[in-house]
Amino acid sequence: SCFCFICVFTEVRDTVASLSVQKAISKKKKVRSRRRKLKAYDLSSLSEFLPELKTPRQPTPTEFKLNRKSRQNLVLKESSQLRTVLNHPTFQSDPLAAIHQHLQSTQPVTDEKPARKNAKGGKKAKKKKYKASPRLHSMEI
């Protein structure tokens with residue numbers, strides 16, 4: 001072991017170089033892993049299976065910029081609408097039925113049947129509910 005300045009400097013330089021190489025390798029691994037994850041979540045290939053929209057699309061929230069004044073007007077309009085709904089006698093008597101009726105009258109009717117949830121195509125197996133044994137009931141009498 002040499003304690004001269006040049007030997008110490010060389011060891012430090014080599015250590016720093018190896019550390020920077022290790023750091024670069026780990027960074028590449030992280031980038032590669034991130035790309036794989038993003039690729040796994042890329043659903044653009046599924047767009048060919050989606051039906052084409054025939055009606056013009058409404059602007060999405062990112063396309064529709066709200067400034068302070070328009071946001072304030074929107075809040076006033078929506079709060080007024082909410083008050084009207086909450087005070088409506090139909091909503092007060094049965095809120096869920098009122099919402100259901102509103103959705104049925106405003107949502108478009110689809111002709112397509114929903115896809116079956118069960119892959120086998122049969123009915124779902126019902127879970128059996130276990131009842132207490134009859135002996136217990138006879139003991140209560």
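The values are calculated or read from the model by the stated rules, or taken from the named source; none is laboratory data. Predicted model only: the values in this text are computed from it and were never measured. FYI the Cβ positions are ideal-geometry reconstructions off the backbone, even for glycines, and counts take in every protein chain you see. Surface areas here come from the heavy atoms of the whole protein model, side chains and all, with no ligands, DNA or RNA. Shrake-Rupley method; radii C 1.70, N 1.55, O 1.52, S 1.80 Å.
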Got a number for residues in region 94-107 being assigned to a helix (DSSP H, G or I) and either over 18 Å from L82 (Cβ atoms) or open to solvent by 100 Å² or more (accessible area, probe 1.4 Å) (or both)?
7
Taking the condition surrounded by 10 or more Cβ atoms within 10 Å (Cβ to Cβ), under 30 Å from P108 (Cβ atoms) and at pLDDT 70 or above, does S70 pass?
yes
Could you pull out the residue among K54, K39 that is modelled with pLDDT under 80, within 30 Å of T110 (Cα to Cα), of a type outside the set (S, T, N, Q) and loosely packed, with under 10 Cβ neighbours inside 10 Å?
K54
Residue that is part of a loop (DSSP other than H, G, I, E, B) and either surrounded by 10 or more Cβ atoms within 10 Å (Cβ to Cβ) or modelled with pLDDT of 55 or more (or both), where the choices are K131, K77, K113
K113
